[in-house]
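The values are calculated or read from the model by the stated rules, or taken from the named source; none is laboratory data. If you're wondering where the values come from, they're calculated on a predicted model, not measured in any experiment. Positions of Cβ are generated from backbone atoms using ideal geometry, with glycine treated the same way; all protein chains shown enter the neighbour counts.
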Amino acid sequence: MSKIGATTRSCRILLVASLQLALLGSCSSSDPPAPTTGETVGELPASPALRLTGGGTTRVVLLGTGTPNAHPDRGGPALAVVVDGVAYLVDAGPGVVRNAASAAREHGLVALVADRLGHVFLTHLHSDHSTGLADLILGPWVLGRTDPLVVVGPSGTGQLTRHLSAAYAQDVEIRRDGLEPANSTGYETDVREIEGDEVLAYEDQRVRVTAFRVPHGGWTNAYGYRFETADRTVVVSGDTGPAPELMARMCTGCDLLIHEVYARAGWERREPRWQAYHASFHTSGPELGRIAAAAQPGLLVLNHQLLWGATPEQLLAEVAGQWDGPIAYGNDLDVY
């Protein structure tokens, strides 16, 4: 496992009517080896000029827009930034691999076929954002992936992956050393833990990824991500309380701002202790509208929506009351 340090190593919208996309505005030992190591991510150095050699075809796919609530139409939190045929996942909620397969079939995105899933960026280690990680480590390997899974995340990510690898050691042993023709590398992980407030978390010829610390209640290490490619800039908030200045700085006219949100109309019906919890851990519709007004994204995509009896239309109206730009109500398998 590595700690990522200073030296480490935007808007076409696909309207899926069946998913009710709403827009407002304009638009050989028997024991498996330990996971391979990476680096520690420290404070962000002075940003060099972005030099990306990719062809500049970036799409964002919502693989799961759900919450801890077991909603039958919403998978666990996960999305994919697909750049020139390579997928960079954000979070690994329940069902991530199968939802990726559904998106690959529905939208013809070969990058989301299981054995091509090779990168994931965890925003934080809440269980609803990470219980699909075991499947992401092992499932694509079983289906043919040969490279270790690159896992970027906050402090604790290495411990999480080590425990998952230990839990499934017998599975790996039987698949690798038995009759199944499994390769001996694709179940490994290359873990890169983030340290600091704004961090260059990952970079290759297609994408530059900046991690930025967000306020998420009791989680001292929770992050959002800014993806810069040759043609688009995409900002993913992760789970966060309201952070208008931070989001404005990270986005500043970005092509897409994908932000979590809860309906204040539903929140007002919650018990006081739940109101206190959600106000600390999450962002209300009116608060998100003010954030968007400061950040000025090309498109604001609502994600990880908590309604508590409110309607999507009510939530959209709460946001639109503070922001007159384009808004999309995100649903699973939507593509932007």
- Check on ALA230, crowded, with 20+ Cβ neighbours inside 10 Å, outside any helix (DSSP H, G or I) and out of contact with any helix residue (DSSP H, G or I) (no Cβ under 9 Å at 6 or more places or on another chain): no
- Among the numbered criteria (1) at pLDDT 95 or above; (2) within 24 Å of ASP128 (Cβ to Cβ); (3) in contact with a Gly (Cβ under 7 Å, 6 or more places away or on another chain); (4) crowded, with 20+ Cβ neighbours inside 10 Å, which single criterion is violated by ARG145? (2)
- In region 218-237, which residues are over 13 Å from THR123 (Cβ atoms) and over 14 Å from the mean Cα position of the chain (by Cα)? GLY218, THR220, GLU228, THR229, ALA230, ASP231, ARG232, THR233
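So, in region 238-250, of the ones that are in contact with a strand residue (DSSP E or B) (Cβ under 8 Å, 6 or more places away or on another chain) and assigned to a loop (DSSP other than H, G, I, E, B), which residue ends up farthest from SER127 (Cα to Cα)?
Pass one, region 238-250, residues in contact with a strand residue (DSSP E or B) (Cβ under 8 Å, 6 or more places away or on another chain): 238-242, 246-247, 250.
Then drop every residue that is not assigned to a loop (DSSP other than H, G, I, E, B), which leaves 238-242.
Working: GLY238: 14, ASP239: 12, THR240: 15, GLY241: 18, PRO242: 21 Å.
Residue satisfying both the conditions and the ranking: PRO242.
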- Pair list, Cβ < 8 Å and 6+ apart or interchain, from region 150-170 residues that are surrounded by 14 or more Cβ atoms within 10 Å (Cβ to Cβ) to residues that are among the polar types (S, T, N, Q) and not in a loop (DSSP other than H, G, I, E, B): VAL150/THR189; VAL151/THR157; VAL151/THR161; VAL151/THR189; THR161/THR189; SER165/THR189
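Of all residues in region 170-218, which are among the small types (Gly, Ala, Ser) and in a strand (DSSP E or B)? It would help to see each step written out before you state the result.
In the first step, residues of region 170-218 are kept if they are among the small types (Gly, Ala, Ser); the result is 178, 182, 184, 186, 196, 201, 211, 217-218.
Listed by number, the residues that qualify are ALA201, ALA211.
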- Item | Matching residues in region 251-288 - criterion: being crowded, with 23+ Cβ neighbours inside 10 Å and either assigned to a helix (DSSP H, G or I) or modelled with pLDDT under 95 (or both) | CYS251, GLY285, LEU288
- Selection over region 135-169 where residues are charged (D, E, K, R) and outside any helix (DSSP H, G or I) yields a count of 2
